[in-house]
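A quick write-up on the structure given underneath.
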Amino acid sequence: MNVILYFQPSSKTSAPGKLSGVQEIAEKNGWHVQSIDGFPPAENIRKLVDFWKPIGAIAECGNEHTEIDTHIFGTIPVVFFSHNPKTLPASCFSVSHDSIATAQLAAKELLMTGFENFAYIPYAERRYWSEERQRGFCDALTLNGKHCTVFKYKSNVTDVTGRQEALRRFLARLPKPCAVFAANDKTAAETITAARFEGLAVPEEVAVLGVDNYAQICEHTVPPLSSIEPDFRRGGNLAVLLLLSLAHGKRDQERMHHMTFGPLRVVRRASTRLLSAPDRVVSEALDLIRREACQGLRSAKVASLFSCSRRQADIRFRNATGHSILEEIHAVQLECAKQMLQDSNVQLKTISDFCGFAHPNSLRKFFRSETGMSMSEWRLRVNR
């Protein structure tokens with residue numbers, strides 16, 4: 001069996017999505033993907049190549065500001081993943097996320113808040129993708145006649161306390177209300193923490209948007225974090241397709257040397273959700289729906305948060321959000337179903353169990369009424 005070695009940092013939030021995309025195309029070609037956690041020393045890489053005798057490798061490796069010695073892989077074709085292409089030899093092949101496109105999407109999303117003030121929070125360590133997101137965000141705002149204030153803090157990256165204190169002072173000085181774009185979800189979570197310690201209301205005074213849609217972070221900040229989800233699965237697809245071309249000897253196409261994948265969607269949560277009529281109980285109801293909609297949540301439980309009749313609760317919810325409690329529950333359930341449909345390995349009949357529907361047929365009817373197509377048709381469309 002033909003083997004691909006896939007070197008990946010297991011700590012990266014994007015790892016599952018990328019690996020899924022890699023495996024999807026590899027399996028169609030009868031290739032086995034052997035995942036290697038981390039990036040071993042050169043001697044160990046040579047031993048791994050000798051042991052597996054792979055037809056190629058995909059590598060997320062090393063510090064992105066240092067050049068990679070590509071000879072350690074021997075003669076097998078290699079595609080470098082999420083590495084700064086400027087630090088790779090001109091003859092190398094790579095795939096990375098389009099950070100400029102993501103920053104432009106962030107600008108569009110935050111401009112729609114109606115805020116006049118904007119800020120960007122870079123990643124704690126120097127990263128080329130953080131710098132590109134800063135440039136793309138600032139340029140997009142300038143195009144729309146707005147200014148962006150950038151957080152600047154130079155210190156040892158281990159000085160977490162110093163950075164947090166500086167971030168609090170920065171947020172306190174910003175003109176309010178302000179829409180903040182953070183380099184990634186980790187940075188956005190730090191921003192929300194800083195805002196809360198300064199007594200700033202999120203999102204009314206400071207709206208915060210991150211990148212990666214890493215659920216373990218986004219769903220556990222207070223309030224939950226809105227985030228742009230990169231199309232990591234597509235990135236994995238591109239890496240294998242590029243490797244397939246290299247394995248077939250197609251190395252002379254200039255356009256193939258560096259390929260990019262863009263953002264998939266904006267996942268809106270409470271950190272950017274501005275209610276037309278600010279209401280603390282409505283905010284609590286929205287958070288409850290986000291947490292439990294896919295666990296069989298009923299409108300009555302949400303309405304019970306309000307100290308009024310169920311009808312009045314729904315009117316109050318609609319006045320603040322523009323739609324009913326049930327419609328909000330259905331929106332979260334539909335989003336969950338769509339997310340699961342992107343994984344072709346998940347059986348259609350099992351999806352209802354994860355979306356709060358008692359029977360598969362109930363989800364099928366609901367899905368068609370909302371999208372105009374069946375679940376299988378939608379899956380084929382997005383996974384082409």
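Structural remarks
- Inter-part distance, the range 117-185 to the range 311-344, computed on C-alpha centroids, equals 32 Å.
- Only one residue of ALA119, GLY17, PRO40 has its Cα farthest out toward the positive end of the dipole of the range 17-129, where Lys and Arg carry +1 and Asp and Glu -1 on Cβ, and that residue is PRO40.
- For PHE261, distant residues with modelled amide H under 5 Å away: SER96, HIS97, ASP98
- Once the Cα-Cα distance is subtracted from the 0.36 nm per residue extended length, the GLU327 to GLU284 segment shows a gain of 13.9 nm.
- Estimated [θ] at 222 nm from DSSP helical runs (n ≥ 4, -39500 (n - 2.57)) normalised by residues in the chain, nearest 500: -14000 deg cm²/dmol
- Charge dipole (the chain, unit charges on Cβ, about Cα centre) - positive-most of ILE4, VAL95, ASN29: ASN29
- Net charge dipole size for the range 280-382 [Lys, Arg +1 and Asp, Glu -1 on Cβ; Debye, nearest 20]: 220
- Considering only beta bridges that DSSP places wholly inside the chain, some 10 percent are antiparallel.
- Sequence-distant residues sharing a close amide H with GLU204 (under 5 Å, placed H): none
- Qualifying trypsin sites (Lys or Arg not before Pro) in the range 152-246, DSSP loop, other Cβ atoms within 10 Å at most 16: LYS152, LYS154
- For the range 280-382: Kirkwood Rh in Å [reciprocal of mean 1/r, alpha carbons]: 14.4
- In this structure, the pairs whose alpha-carbon distance is over 30 Å, taken from LYS301/LYS365; LYS18/LYS53; LYS28/LYS86; LYS53/LYS338; LYS86/LYS186; LYS28/LYS186, are LYS28/LYS86; LYS53/LYS338; LYS28/LYS186.
- Estimated FRET transfer efficiency (HIS258, GLU125; beta-carbon r; R0 25 Å; 0.05): 0.65
- Alpha carbon Rg of the chain, scaled by the compact-globule rule 2.2 N^0.38 Å: 1.09
Where a number appears in this text, it was derived from the coordinates with a stated rule and is not lab data. A quick note: this is a predicted structure, and the numbers were derived from the prediction, not measured. Note that we place each Cβ from the backbone using ideal geometry, even for glycine, and neighbour counts take in every protein chain shown.
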